[in-house]
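Novice: Quick one: the structure is below, and I'll ask about it shortly.
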Amino acid sequence: MAGKRRGATPLGAVVRTKGRYILVNGMISNGEWDRAASIQLDPETQIRAKMDRESLFLAIVFEGPRHTGVDLYLKSAGKLRLLHISSATGQKEFRDGQWSEMKWGRNHWGTANIIGHIVKEGKTSPLEPEAFEFQLARAELGRDVEVYLHLKRPEKRFRWVHLRMSRIGGYASL
């Protein structure tokens with residue numbers, strides 16, 4: 001595949017969303033991710049993808065330890081971007097050899113679930129999600145997208161995953 005990043009992991013076809021709409025809340029509801037393309041990144045982590053006319057939906061699903069933060073790197077349309085999710089959302093872009101400042105709470109390229117917190121008996125604890133779910137604007141992505149994940153608390157990094165989106169028939173290969 002021309003322009004494919006060396007070491008990127010390809011994933012099957014992503015089908016248009018049908019049936020239940022994806023609620024980007026970190027909880028995997030019944031039927032929400034049916035017919036999604038998926039790949040097992042390791043024995044404890046899976047990535048799923050679906051799309052509709054406007055959005056690409058990604059889920060990083062935890063089948064082992066749950067994580068309370070993620071940096072999602074997106075390389076597409078000649079741009080490298082980072083979406084940070086923890087108890088807040090942030091976005092920045094790599095330009096002219098350096099990262100821009102993080103823009104907190106300004107979701108220009110998409111949105112994702114944040115990590116909530118609960119206070120019990122005076123102690124604050126994170127509400128650990130089942131997954132990180134993202135809704136990304138396809139107009140910002142172009143036809144080819146590469147994704148790199150850095151999960152936090154506990155730390156885990158993965159190889160680049162290559163996404164190829166085709167507007168014909170609503171399919172994409174990841």
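The values are calculated or read from the model by the stated rules, or taken from the named source; none is laboratory data. Keep in mind that what you see is a predicted model, and the values were worked out from it rather than measured. Please note: Cβ atoms are built from the backbone with ideal geometry, for glycine as well, and neighbour counts cover all protein chains shown.
Conditions (1) surrounded by 12 or more Cβ atoms within 10 Å (Cβ to Cβ); (2) closer than 18 Å to residue 42 by Cα; (3) among the basic types (Lys, Arg), marked per residue:
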position	(1), (2), (3)
93	yes, no, no
119	no, no, no
134	yes, no, no
141	yes, no, no
145	yes, no, no
155	no, yes, no
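Novice: Taking the range 48-70 as the region of interest, how many residues are among the hydroxyl-bearing types (Ser, Thr, Tyr) and under 16 Å from residue 32 (Cα atoms)? Step through it out loud before you land on a result.
Specialist: Filtering the range 48-70 for residues among the hydroxyl-bearing types (Ser, Thr, Tyr) gives 55, 68.
Among the residues that remain, those that are also under 16 Å from residue 32 (Cα atoms) are: 55.
Residues in the range 48-70 being among the hydroxyl-bearing types (Ser, Thr, Tyr) and under 16 Å from residue 32 (Cα atoms): 1 in total.
Novice: So is residue 57 under 20 Å from residue 144 (Cβ atoms), hydrophobic (A, V, I, L, M, F, W, C) and surrounded by fewer than 19 Cβ atoms within 10 Å (Cβ to Cβ) or not?
Specialist: Values: under 20 Å from residue 144 (Cβ atoms): yes; hydrophobic (A, V, I, L, M, F, W, C): yes; surrounded by fewer than 19 Cβ atoms within 10 Å (Cβ to Cβ): no.
The answer is no for residue 57.
Novice: Output the residue which, of all residues in the range 120-142 that are closer than 12 Å to residue 27 by Cα and part of a loop (DSSP other than H, G, I, E, B), is farthest from the chain's Cα centre (by Cα).
Specialist: Restricting to residues being closer than 12 Å to residue 27 by Cα and part of a loop (DSSP other than H, G, I, E, B), the top hit is 127.
Novice: Can you tell me which residue in the range 75-111 is farthest from residue 56 (Cα to Cα), limited to those that are of a type in the set (A, V, I, L, M, F, W, C) and outside any loop (DSSP other than H, G, I, E, B)?
Specialist: As a first pass, look at the range 75-111 and keep what is of a type in the set (A, V, I, L, M, F, W, C): 77, 80, 82-83, 85, 88, 94, 99, 102, 104, 109.
Checking which are outside any loop (DSSP other than H, G, I, E, B) leaves us with 80, 82-83, 85, 94, 99, 104.
Values: 80: 17, 82: 16, 83: 14, 85: 17, 94: 21, 99: 24, 104: 21 Å.
Only one residue tops the list, namely 99.
Novice: Can you find a residue that is β-branched (Val, Ile, Thr), modelled with pLDDT of 90 or more and out of contact with any strand residue (DSSP E or B) (no Cβ under 7 Å at 6 or more places or on another chain) anywhere in the range 102-119?
Specialist: Scanning the range 102-119, I find at least one residue that is β-branched (Val, Ile, Thr), modelled with pLDDT of 90 or more and out of contact with any strand residue (DSSP E or B) (no Cβ under 7 Å at 6 or more places or on another chain), so the answer is yes.
Novice: Please pick out the residue among 47, 114 that is among the hydrophobic types (A, V, I, L, M, F, W, C) and assigned to a loop (DSSP other than H, G, I, E, B). Please lay out each step first, then the result.
Specialist: Working: 47 fails: assigned to a loop (DSSP other than H, G, I, E, B).
Sole residue among the options that is among the hydrophobic types (A, V, I, L, M, F, W, C) and assigned to a loop (DSSP other than H, G, I, E, B): 114.
Novice: Look at the range 51-80 and say how many of its residues are farther than 26 Å from residue 125 by Cβ and more than 11 Å from the chain's Cα centre (by Cα).
Specialist: Counting residues in the range 51-80 that are farther than 26 Å from residue 125 by Cβ and more than 11 Å from the chain's Cα centre (by Cα) gives 11.
Novice: Something else: Give me a count of the residues in the range 8-35 that are hydrophobic (A, V, I, L, M, F, W, C), at pLDDT below 85 and within 26 Å of residue 68 (Cβ to Cβ).
Specialist: Here is the first cut: in the range 8-35, the residues hydrophobic (A, V, I, L, M, F, W, C) are 8, 11, 13-15, 22-24, 27-28, 33.
Now drop any that are not at pLDDT below 85, which leaves 8, 11, 13-15.
Filter once more, so that each one left must be within 26 Å of residue 68 (Cβ to Cβ): 11.
Of the residues in the range 8-35, 1 are hydrophobic (A, V, I, L, M, F, W, C), at pLDDT below 85 and within 26 Å of residue 68 (Cβ to Cβ).
Novice: For the range 60-91: of the residues being touching a Pro at 6+ places or on another chain (Cβ under 9 Å) and among the polar types (S, T, N, Q), which is surrounded by the most Cβ atoms within 10 Å (Cβ to Cβ)?
Specialist: 68
Novice: Let me ask you something else. Every residue in the range 121-132 that is of a type in the set (D, E, K, R) and surrounded by 13 or more Cβ atoms within 10 Å (Cβ to Cβ), please. Can you show your working first?
Specialist: Within the range 121-132, the first condition is being of a type in the set (D, E, K, R), and the residues that meet it are 121, 123, 128, 130.
The answer is 128, 130.
Novice: Say we look at the range 50-63 and pick out the residues that are of a type outside the set (A, V, I, L, M) and assigned to a strand (DSSP E or B); which of these is farthest from residue 159 (Cα to Cα)?
Specialist: 55
Novice: Among (1) at pLDDT below 90; (2) assigned to a strand (DSSP E or B), where does residue 66 come up short?
Specialist: Going through (1) at pLDDT below 90; (2) assigned to a strand (DSSP E or B) one by one, residue 66 breaks only (2).
Novice: Could you please tell me which pairs satisfy a Cβ distance under 7 Å, a separation of 6+ or placement on different chains, a first residue in the range 96-108 that is at negative phi, and a second residue that is part of a loop (DSSP other than H, G, I, E, B) and surrounded by 10 or more Cβ atoms within 10 Å (Cβ to Cβ)?
Specialist: Here the result reads 104/88, each pair linking the range 96-108 to a residue that is part of a loop (DSSP other than H, G, I, E, B) and surrounded by 10 or more Cβ atoms within 10 Å (Cβ to Cβ).
Novice: Shifting gears a bit: Could you give me the residue pairs with C-beta distances under 8 Å whose first residue belongs to the range 27-52 and is loosely packed, with under 15 Cβ neighbours inside 10 Å, whose second residue is among the polar types (S, T, N, Q) wherever it lies, and which are 6+ apart or on separate chains?
Specialist: Close Cβ pairs (under 8 Å, with a partner that is among the polar types (S, T, N, Q)) amount to 40/46.
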